[in-house]
Number of protein chains: 2
Amino acid sequence: MKKVFKRPSIILLIVFIVFSCKEKSTINSQLQHPNLILTKQGVKEIRANLGSIPIFDKTLAKAQTEVDLEIKNGFDVPIPKDYSGGYTHEKHKNNYVLMQKAGVLYQIFNEEKYAIYVKDMLFAYAKMYPTLPIHPKPRSYARGKLFWQCLNDSNWLVYASQAYDCIYDYLTKDERNILETDLFRPFADHISKDNPQFFNRVHNHSTWGNVAVGMIALVMEDDSLLQRALYGIKNIDIDKSLKDNDGGFINKDGKKGFFANLDEPFSPDGYYTEGPYYQRYAMYPFLIFGQALQNKKPDLKVLKHKDGVLLKGIDALLNLSDADGDFFLLNDAQKGMSYFNGSLISAVDIGYHFGGNNPELLSIAKKQDEVVLDDAGLAVALGIKKGKEKPFVKKSIELSDGANGDEGAVGILRSGEMELVFKYTAHGLSHGHYDKLSFALFDEGNEVVQDYGMARFVNIEQKGGGNYLKENTTWAKQSIAHNAIVQNEVSQFHGKYDIGSKHHSNKYIFSTGDSNIQVASAKEENAYPGTKLLRTMVLIKDSDFHNPYVLDIIKVESDNPNQYDLPFYYLGQIMQTNFEYTKYEVPQILGKSDGYQHLYKEASTISKGGNIKLNWLLKNKFYSYTAVTSNGDEVILAKIGANDPEFNLRQEPTLILRKKNIRNTVFASIIESTGVYSPVSELAINSKSNIKSIEIVFNSKDYTAIQIVTNKDKKMVFVISNQNNNKETKHKLIINNNEMSWRGSFTLKEIN
Amino acid sequence: MKKVFKRPSIILLIVFIVFSCKEKSTINSQLQHPNLILTKQGVKEIRANLGSIPIFDKTLAKAQTEVDLEIKNGFDVPIPKDYSGGYTHEKHKNNYVLMQKAGVLYQIFNEEKYAIYVKDMLFAYAKMYPTLPIHPKPRSYARGKLFWQCLNDSNWLVYASQAYDCIYDYLTKDERNILETDLFRPFADHISKDNPQFFNRVHNHSTWGNVAVGMIALVMEDDSLLQRALYGIKNIDIDKSLKDNDGGFINKDGKKGFFANLDEPFSPDGYYTEGPYYQRYAMYPFLIFGQALQNKKPDLKVLKHKDGVLLKGIDALLNLSDADGDFFLLNDAQKGMSYFNGSLISAVDIGYHFGGNNPELLSIAKKQDEVVLDDAGLAVALGIKKGKEKPFVKKSIELSDGANGDEGAVGILRSGEMELVFKYTAHGLSHGHYDKLSFALFDEGNEVVQDYGMARFVNIEQKGGGNYLKENTTWAKQSIAHNAIVQNEVSQFHGKYDIGSKHHSNKYIFSTGDSNIQVASAKEENAYPGTKLLRTMVLIKDSDFHNPYVLDIIKVESDNPNQYDLPFYYLGQIMQTNFEYTKYEVPQILGKSDGYQHLYKEASTISKGGNIKLNWLLKNKFYSYTAVTSNGDEVILAKIGANDPEFNLRQEPTLILRKKNIRNTVFASIIESTGVYSPVSELAINSKSNIKSIEIVFNSKDYTAIQIVTNKDKKMVFVISNQNNNKETKHKLIINNNEMSWRGSFTLKEIN
């Protein structure tokens, strides 16, 4: 099958005649295609504006150049064989993208060569598909036919449906019949009826599956298939204990179909429980199908479903990105994924077009410098042309998790160049990490205190076929791989999905009204049964400091004495510590399991109490970490990379503060971004911490108070009410003979 | 002394009156100041053009804003106390820069406040200076008074001289008398007569010292002081065996003075033997004094000295930078130093103004986006305004080393995005590294195969006071820290400056006429007595490859059997190797001395022969290294960082190919930049090597031949004549029954 199709020019001619006749016969029909994503009316308007809408024109020219070259080179529809990264996988992937683009080009330019290209390719698939066995690569719980997993087959169908819609009227009824009979219906059946464990669940995989079936159903106007897409396959029982390759349950509660996938993983705030990396991935099918349903089944009001959650999701996702547009790392996520991804270009355009023309979205579209080639993209291009855009200002925001918004949240605190992401969510389905109350810190779009992300090199074939590496389970998901509390060297929920997926953290405080002191606080009481954790992260703006700084307080209360580890994954090189430590001649392996086996202990010390301070340099910026310790605490300087036989892990540093054999304790620390270094002028500005000391000056069941003294001897006390988060309650407390009184769940006061 | 000077307004008034009178009295004099850097005529022209020369106007506005703020804040002239990075050091450093700028602002704007600022500050120094002991910090071989080393005192005087010149006519004769008697003359004497070990030598330190004395001599028109600057202090004997803090000889051959510093370290091509990092540092005093002499002593023809070597040096330095303008790392050098440094702004402007208005320099000035505020800067600003600039095209170039250009060279091969820097120079004075025949490779301005540079964080006080760290000696200078041959785990020349500084490598071939095959080849026969090294680096452009690739051949011939290590300092993360290796549970320390004690052996294997291949990812680009091995060779994957108790070293990787117990051998390898990865689209393009095999197919005393087979089964043979580098000689050789004949020292031929 690996041969190159080139159409002799005689056939071109014949097809052209057929085409010309057909154009006339359908031109006035109300049901004429395209009507799925691109619409007949949209095409008309696009044509009228061509040449005067720069961002659209540019995108279109790029697509045309690309497709023209492919047409010239001829295409290949090879027998499926490879995992991702391999030839057949990448070829089929490229084919569906090209078909979709060629379909659009056909509509916009009305040039037959594009229709022919799509038609020929679809027929090549129609010829091959009935002969295909299940894909030979065995790794997936739901194997496709073109690809090793149904997920990729679904991708194919989502795009191919759009291409089919674009050339629908170009084809004869017989031709459509062949394609639908030999290709589209059996294709839709394979990813649904043949694989209910893939199709009938709540998961980004199933979203793609549902949408794939739904899109082709809409083009073929097959209502029974559409019902399957919207509500799942009826009358099928799936073993509730079944799990997928990632260790997630297939379907524990029987929920299924597109609407279930919309209801369940999205919170009312538009947060998708797997996290932004997969939200980005799922947004494309959600929104493209939303757009299609809006066009063809407006009565379903899909974009208004659940109070407009699909459109809210776009806003949530944009808010889940750093200053450069890179998504925050929550659960499985690859670094560098950003709102420049194609699915976000489509999301932003759809959000603008169908969501009330929010001018802030235009500024994102302008940065993306690309639009989708349809009605939505046209609307954006016209909006930009008319100069309507306003800056998209990212503010501090709390995004609830859970279908009803009551399963914790992500709290994002922003001030100046600093962005702090604090995670107190539900588990995040099969892509979840065991890192309740973890956080990450960004400065000017650079990750300074990192979330490791996932152990995977997506589509880099030489790294495990581009798939999840075993270190994703043994390292990246484990609690110690995060800036989160680990008790007794065992991951939260024992690192077990069955347990973790039952629980979520709880919001406690989220207060951002005063830009000088923003507070996010949350509780976790299930990660370690018998142990209660309350973490409070405060972003403080103080004119004595170059940048806003972070105060981090973790109150731990347990029924039993335990060891508590708090890792701090700073990125960069150590400049200085204020403590003496022993650096080992060769590093030691930190532990045996739960991710500890992947850490090298490079140096350590036993604290005599007081503050420890770490000063480091990252990308020519200076940072400092100042933490309270008690006599006997261990401070460990470690590096990722042990038990990593194929160098799959990034060898990056951490500082672990270890408190041993204690029931109740408080971790308190401050993180500062102090200044900059220029290797050109060789000037170091504000290279050191401005914190003279930090101290826990009060700690009871009801209150915890932290005193901060700056280098200028300014003394401040932060107090949090540990039991009562009411905003109106009045509190009074005597700390070191100072009486403090305030209203609400916390206060920060300068004292003498 | 640490008090803030603020002048009451009454004094302002008085001075203003004095000023007004004086203006008249000197206005027509032919000797009027300024005449050192800024000239009276230049000032006139600058004033005439203000407001219409954007780059100049912008720089001027920036300087004015800065100085105005400082005037408002008042200045401080503290009692000297600190090392670099500390308060008094940074304050005095800032003061001289501000004085120089304020002097210029006074001239251009004719606003008295600037003259007052300079005058007050100079008088504060004049008041303090006679009271100062030697600086209290003891680390330098030549301690200053304002700073811990005479070097920084010299910096001060170079700038202060310019400031003095700018307000010379503003001062009364009595005022000038006080400044010259209490400050400038004793200052000049301290850095010269009091410290001949600093002043009377050939070194960048002495250049600053000579120029400092020379500049103030020119302003004061003190010919005897000028003679001291130009030719050194007469009748002083310095112990020839004395060394400075860096381990370099103070003065072994009695050469001294500005002209000696110009004659000795610069090659006829303008390469400065310490390397571009220090050339950048030395260029400022060289050129600023050159400019001053040109203005005040044109009969000396300093810019024509040694066939115009000062101006050639500017061109050499620009060619020693990568695509982003960052200087190549040769010898002691901090990463990130670039032609955006202030001394290069001045160099480019002086080069343009005094060197024949080369329009290519304007394109660099435009990138720098700043000019010097004097006649030279005006010329550049006018050139840019008139649109005269042409691109500065960096080509392949060989820059000879040594006063007579016969002590080896640096060979730079450029093709496409690739830049290869091959070092076969002399030692580089006290800043030299023991890395004969080492290289580094850059791709689009990113260092891919690195030179470690120096172990120092300049001006970052918390890292050893910002000074050289002990790891600079124990690691950075050692041979194993470089991409260079190490014999028997001992550094070249035993890592001894006394030996290394006596020798240099020798050029063998430098051929860049054919852009498809560029060759740099050099010999080293002194690094290891009894062992001869011939390294040949070839940059090959082949349309089958995405980028030009590097062929690297090292021929080793020795009188005795040895172990040879060839490190390969790739930067990035391993994606794949084609060889099995054992990764140790914990890393081992590679050796005991000569830098080996700083390397962790993480993994290794014993080769059975054939090619080893390493595929890695750096900044979303894929690279491959393919090397010939023999049965029994050891392949070591190592990381920097052992015996580094303060985390002073960057923990970066290397692959070491180790050949044991052999007299003669050949190392042959290929480095490719194959393709790119996008974390946004998650596409990996051309992620793997295009080399099927590389083989040494012939090796004799006279010839070495390497066969390259690509994945497309294209076979090529590269042959080098090892003994005869004549370009015209005809050669004939039979390799595997193929007869090859060619003219010149090498050939690359496709064979069947």
Report summary line: If you go through A:SER338, A:SER363, A:SER346, the only one that is modelled with pLDDT of 95 or more and in contact with a Pro (Cβ under 6 Å, 6 or more places away or on another chain) is A:SER363
Requested in this report: Give me a count of the residues in the stretch A:666-683 that are surrounded by fewer than 23 Cβ atoms within 10 Å (Cβ to Cβ) and more than 9 Å from every other protein chain (Cβ to nearest Cβ).
Outcome: 5
Requested in this report: Give A:LEU310, A:LEU300, A:LEU262, A:LEU287 a once-over and let me know the one that is of a type outside the set (Lys, Arg), touching a His at 6+ places or on another chain (Cβ under 8 Å) and closer than 28 Å to A:THR39 by Cβ.
Outcome: A:LEU262
Requested in this report: Among the residues of the stretch A:59-78, count how many are over 22 Å from A:PRO130 (Cα atoms), surrounded by 18 or more Cβ atoms within 10 Å (Cβ to Cβ) and over 33 Å from the mean Cα position of the chain (by Cα).
Outcome: 1
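Every residue, every condition in (1) under 15 Å from A:SER154 (Cα atoms); (2) modelled with pLDDT of 95 or more; (3) in the same structural domain as A:TYR159 (by TED's automatic domain parsing), yes or no:
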{"residue": "A:HIS190", "(1), (2), (3)": "yes, yes, yes"}
{"residue": "A:GLY209", "(1), (2), (3)": "yes, yes, yes"}
{"residue": "A:LEU242", "(1), (2), (3)": "no, no, yes"}
{"residue": "A:GLY290", "(1), (2), (3)": "no, yes, no"}
Report summary line: A:TYR168 vs (1) open to solvent by 10 Å² or more (accessible area, probe 1.4 Å); (2) assigned to a helix (DSSP H, G or I); (3) under 28 Å from A:GLY86 (Cβ atoms): all pass except (3)
Query - Residues that are surrounded by 16 or more Cβ atoms within 10 Å (Cβ to Cβ) and over 25 Å from B:THR626 (Cβ atoms), drawn from the stretch B:555-583 - result: B:SER558
Query raised in the report: How many residues does the stretch B:617-664 hold that are within 14 Å of another protein chain (Cβ to nearest Cβ), part of a loop (DSSP other than H, G, I, E, B) and not basic (Lys, Arg)?
Result: 12
Query raised in the report: Which of the following residues is surrounded by fewer than 21 Cβ atoms within 10 Å (Cβ to Cβ), under 24 Å from the mean Cα position of the chain (by Cα), in the same structural domain as A:ASN726 (by TED's automatic domain parsing) and not in a strand (DSSP E or B): A:ASP514, A:ASP544, A:ASP498?
Result: A:ASP498
Requested in this report: Go through the stretch A:649-689 and give me each residue that's touching a strand residue (DSSP E or B) at 6+ places or on another chain (Cβ under 8 Å) and without any contact (Cβ under 8 Å) to a residue 24 or more places away in the chain.
Outcome: A:GLN651, A:VAL680, A:LEU683, A:ILE685
Report task. Check whether at least one residue in the stretch A:79-92 is at pLDDT below 95, surrounded by fewer than 13 Cβ atoms within 10 Å (Cβ to Cβ) and not in a loop (DSSP other than H, G, I, E, B), and report yes or no. Result -> no
Requested in this report: Starting from residues that are touching a helix residue (DSSP H, G or I) at 6+ places or on another chain (Cβ under 6 Å) and closer than 16 Å to B:PRO653 by Cα, keep the ones in the stretch B:479-492 and report whichever is surrounded by the most Cβ atoms within 10 Å (Cβ to Cβ).
Outcome: B:ALA481
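Give me a count of the residues in the stretch B:527-541 that are part of a strand (DSSP E or B) and surrounded by 18 or more Cβ atoms within 10 Å (Cβ to Cβ).
Number of matching residues: 9.
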Query raised in the report: Looking at the stretch A:243-265, which of its residues are touching a residue at least 60 places away in the same chain (Cβ under 8 Å) and either at positive phi or open to solvent by 10 Å² or more (accessible area, probe 1.4 Å) (or both)?
Result: A:LYS243, A:ASP244, A:ASN245, A:ASP246, A:GLY247, A:PHE249, A:ASP263, A:GLU264
Query raised in the report: Can you spot a residue in the stretch B:329-344 that is open to solvent by 10 Å² or more (accessible area, probe 1.4 Å) and either of a type in the set (Lys, Arg) or within 21 Å of B:ASN49 (Cα to Cα) (or both)?
Result: yes
Report summary line: Checked against (1) touching a helix residue (DSSP H, G or I) at 6+ places or on another chain (Cβ under 9 Å); (2) without any contact (Cβ under 8 Å) to a residue 12 or more places away in the chain, B:PRO645 satisfies every condition except (1)
Report task. Inspect all residues belonging to the stretch A:699-712 and state whether any of them is within 14 Å of another protein chain (Cβ to nearest Cβ) and not aliphatic (A, V, I, L, M). Result -> yes
Query raised in the report: Does B:ALA476 qualify as being surrounded by 24 or more Cβ atoms within 10 Å (Cβ to Cβ), within 14 Å of chain A (Cβ to nearest Cβ) and aliphatic (A, V, I, L, M)?
Result: no
Report task. Report yes if A:GLY464 is open to solvent by 10 Å² or more (accessible area, probe 1.4 Å), closer than 30 Å to A:LYS93 by Cβ and of a type in the set (Gly, Ala, Ser), otherwise no. Result -> yes
**Report entry** Among the candidates A:SER206, A:SER241, residue that is more than 21 Å from A:ASP263 (Cβ to Cβ) and hydroxyl-bearing (Ser, Thr, Tyr)
**Finding:** A:SER241
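Kindly indicate whether A:LEU317 is farther than 19 Å from A:ASN210 by Cα, buried (at least 24 other Cβ atoms within 10 Å of the Cβ), within 14 Å of another protein chain (Cβ to nearest Cβ) and in contact with a Lys or Arg (Cβ under 8 Å, 6 or more places away or on another chain).
Working: farther than 19 Å from A:ASN210 by Cα: yes; buried (at least 24 other Cβ atoms within 10 Å of the Cβ): yes; within 14 Å of another protein chain (Cβ to nearest Cβ): no; in contact with a Lys or Arg (Cβ under 8 Å, 6 or more places away or on another chain): yes.
Answer is no for this residue.
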Report task. For residues that are under 23 Å from A:ASN611 (Cα atoms) and within 38 Å of the chain's Cα centre (by Cα), tally how many sit in the stretch A:710-746. Result -> 6
Report summary line: Residue hits (the stretch B:130-156; surrounded by fewer than 18 Cβ atoms within 10 Å (Cβ to Cβ) and assigned to a helix (DSSP H, G or I)) are B:PRO130, B:THR131
Query raised in the report: For the stretch A:684-698, how many residues meet the condition of being surrounded by 18 or more Cβ atoms within 10 Å (Cβ to Cβ), within 14 Å of chain B (Cβ to nearest Cβ) and assigned to a strand (DSSP E or B)?
Result: 1
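So if I check each of B:ALA126, B:ALA115, which one is in a helix (DSSP H, G or I), surrounded by 19 or more Cβ atoms within 10 Å (Cβ to Cβ) and without any contact (Cβ under 8 Å) to a residue 60 or more places away in the chain? Full working, then the answer.
Numbers: B:ALA115 fails: without any contact (Cβ under 8 Å) to a residue 60 or more places away in the chain.
None of the other options fit; the residue is B:ALA126.
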Query raised in the report: Looking only at residues in the stretch A:409-432 that are touching a Phe, Trp or Tyr at 6+ places or on another chain (Cβ under 9 Å) and farther than 17 Å from A:SER511 by Cα, which one is surrounded by the fewest Cβ atoms within 10 Å (Cβ to Cβ)?
Result: A:GLU417
**Report entry** Checking A:TYR596 against (1) within 12 Å of another protein chain (Cβ to nearest Cβ); (2) touching a residue at least 60 places away in the same chain (Cβ under 8 Å); (3) buried (at least 20 other Cβ atoms within 10 Å of the Cβ), the condition it does not meet
**Finding:** (1)
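The values are calculated or read from the model by the stated rules, or taken from the named source; none is laboratory data. These figures come from a predicted structure and were not determined experimentally. Methodologically, a virtual Cβ is constructed for each residue, glycine included, from the backbone with ideal geometry; neighbour enumeration extends over all protein chains shown. Side chains included, ligands, DNA and RNA excluded: accessible areas come from the protein's heavy atoms. Shrake-Rupley method; radii C 1.70, N 1.55, O 1.52, S 1.80 Å.
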